[in-house]
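Taken together, the values in this text are just the output of simple stated rules run on the coordinates, not laboratory data. Because the structure is predicted, anything quoted here is derived from the model rather than measured. Note that we place each Cβ from the backbone using ideal geometry, even for glycine, and neighbour counts take in every protein chain shown.
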């Protein structure tokens, strides 16, 4: 386990009362726009992926997408999906990557993107989370204060820095867009915790920063392949404090780490569900692998907890290293559960894929990835 993962995973789970003030004006008013993509110019593929995710809870089976994180940018584990397949005969449906650079100089995203492209072309979905450097210092610095108002105010020096960060991130996402790939995009995550520079901050300032980022990337950078994922930390509450509005969010969820392998219903589950968006366990770990008392590596607990506690979950994504599916037991049984959707099971048209057409003898078409009609 790297020192960075020790730093980030896992913070003590603290339970707070949910903030209900203004819930009616923030939560219930957004349900009417939940079925449309947040980006009014979203590509047809992006709309198709969102429609597919929205449809999953009503299905009798094949209704929860499996997922796995491949590691930090520049230190990805390209073999993790192969190891999972060797264990189970199945490949997770979602490959989760991460755009981050802990030295302060963002490089290109070729290593992460190459893996995401391969997964998409093989029939999977992809996610990109962002653990972004502190714009005030330009380094992986979670302690130095950042003025969020200045960050989201055009013309300020801090805003110029933020725009440069967003430009770098957008270059990687634009590469995926050019290849027809839809991205579950998870920025500014775990904002209801206090371990990131954007976390535990004033609610309005955070919401304004999310909205500024959304508008900059969709309008200034013309990125229309993104489904915007609003991911809280489980069991810290404050949904209404931080939720920026349904017109800026496509998917809601929580990053959830368990101390005993089970996942009781998250405090935020019911409140987030009322927003009318697909709900996901956007980051998941069964228990801290550094804990010698970790009671269970039984991965079947993941789907059993979803069925019993949070049946409208549409996907989960395991963290890597000790939390990865490749380090757990009964992975074959987990991924063979009737509820679970793996790579190869996804059909965005909602019908059984037709038999493949033999390629023409000359100039066969490149792989198109997911089936969309």
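For the reader, a short list of remarks on this structure follows.
- A Förster radius of 45 Å, combined with the Cβ-Cβ distance separating residue 211 from residue 304, puts the computed FRET efficiency at roughly 0.75.
- One decimal place: the segment residue 58-residue 297 gains 83.1 nm when fully extended, by the rule 0.36 nm per residue minus the C-alpha distance.
- Beta bridges per DSSP, both residues in segment 44-341: antiparallel share near 5 percent.
- Subtracting the Cα-Cα distance of residue 153 and residue 194 from 0.36 nm times their residue separation leaves 12.5 nm of extension gain.
- Sites residue 83 and residue 44, calculated FRET efficiency, Cβ-Cβ separation with R0 30 Å, nearest 0.05: 0.30
- For the listed peptides 309-320, 140-151, 264-275, a ranking on the average number of other beta carbons within 10 Å per residue, highest first, reads 309-320, 264-275, 140-151.
- Sorted fewest first by neighbouring Cβ atoms within 10 angstrom, 329, 348 come out as 329, 348.
- Whether segment 105-145 is rounded, prolate or oblate, judged on the alpha carbon gyration tensor where a/c under 1.5 counts as rounded: prolate
- At q = 0.10, 0.11, 0.13 Å⁻¹, base-10 log of I(q)/I(0) for segment 44-341 (Debye sum, equal scatterers on each alpha carbon): -0.51, -0.62, -0.89
- Using the average count of surrounding beta-carbon atoms within 10 Å as a protection proxy, the listed peptides 109-117, 201-209 rank, highest first, as 109-117, 201-209.
- Highest mean packing first, where packing is the average number of other Cβ atoms within 10 Å per residue, the peptides 162-172, 247-257 line up as 247-257, 162-172.
- Theoretical gain in end-to-end length, residue 110 to residue 75 [0.36 nm per residue, Cα-Cα removed]: 11.4 nm
- The label point for residue 336 and the one for residue 171, both projected 7 Å from the Cα toward the Cβ, are 4.7 nm apart.
- Once you reduce segment 270-284 and segment 84-153 to the center of their Cα atoms, the two points are 21 Å from each other.
- Inter-site label distance for residue 270 and residue 247 at 7 Å from Cα along Cβ, in nm: 3.0
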